[in-house]
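Nothing in this text is a laboratory measurement; each read-out follows from the coordinates by a stated rule. What you see is a predicted model, and the numbers here were worked out from it, not measured in a lab. Note that we place each Cβ from the backbone using ideal geometry, even for glycine, and neighbour counts take in every protein chain shown.
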Amino acid sequence: MEPPKFMYGSHYSTPGYVIGYLVRKKPEYMLKLQSGRFDKPDRLFKSIKDDWYNVMENPTSLKELIPEFYMEDSSFLKNYQNLDLGVRQNKKKVGDVKMPPWAKEDP
């Protein structure tokens with residue numbers, strides 16, 4: 001029997017998406033959601049440019065920007081707590097979110 005038809009298998013603004021954006025500012029949220037661990041380093045929010053590209057080019061990506069993107073406090077983009085978020089497969093340590101060139105690394 002075929003599954004019923006539907007538009008999307010996931011939906012925007014899931015807790016995982018929101019927590020993924022906030023992991024540097026509110027790590028306790030991800031630790032609670034992920035049973036005491038951070039998500040895989042390669043899945044963590046790392047770059048404004050990469051997320052923008054993914055949302056614009058990948059029809060299955062339904063992420064929405066969280067309110068923090070529109071506020072003056074951009075601390076959610078910096079790893080001020082020096083959290084050990086792991087090392088990606090490319091051997092680069094996860095740290096601050098990489099800003100687009102026009103931002104000059106200044107959130």
- prompt: GNM, the chain, Cα, under 10 Å: largest mean-square fluctuation among Val23, Val97, Val87?
  reply: Val87
message: Quick one: 3J(HN,Hα) in Hz for region 83-98, Karplus 6.51/-1.76/1.60 with θ = phi - 60°, rounded, Gly and Pro as x.
response: 5, 8, 8, x, 10, 6, 4, 7, 6, 8, 6, 6, x, 6, 6, 6
Degrees, to the nearest 10: 48-57 long Cα axis against longest axis of the chain: 20 degrees
query: Just from its helices, what would the mean residue ellipticity at 222 nm be for the chain, if runs of 4 or more DSSP H residues each count -39500 (n - 2.57) and the sum is divided by every residue, rounded to the nearest 500 deg cm²/dmol?
result: -6500 deg cm²/dmol
query: With point charges of +1 on the Cβ of Lys and Arg and -1 on the Cβ of Asp and Glu, referenced to the Cα centre of the chain, which listed residue (Pro100, Ser61, Met30) lies farthest in the positive direction of the dipole?
result: Met30
task: Could you please state, rounded to a whole Å, how far the C-alpha centre of region 39-63 is from the C-alpha centre of region 86-106?
output: 13 Å
query: Around Lys98, which amide H atoms from residues at least 5 apart in sequence, or from another chain, sit under 5 Å from its own amide H, with H modelled in the peptide plane?
result: Ser47, Ile48
field: Sparsely packed chymotrypsin sites (Phe, Trp or Tyr not before Pro) within region 33-107, loop by DSSP, other Cβ within 10 Å at most 13
entry: Tyr80
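Please give the FRET efficiency for Gln34 paired with Glu57, using the beta carbon to beta carbon distance and R0 = 22 Å, rounded to the nearest 0.05.
Rounded to the nearest 0.05, the efficiency is 0.20.
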message: I need the P(r) histogram for region 15-102: all alpha carbon pairs, bin width 10 Å from 0 out to the longest distance, whole percents.
response: 16, 51, 31, 2
Mean separation of Cα contacts under 8 Å (6+ apart) over length of the chain, as relative contact order %: 31 percent
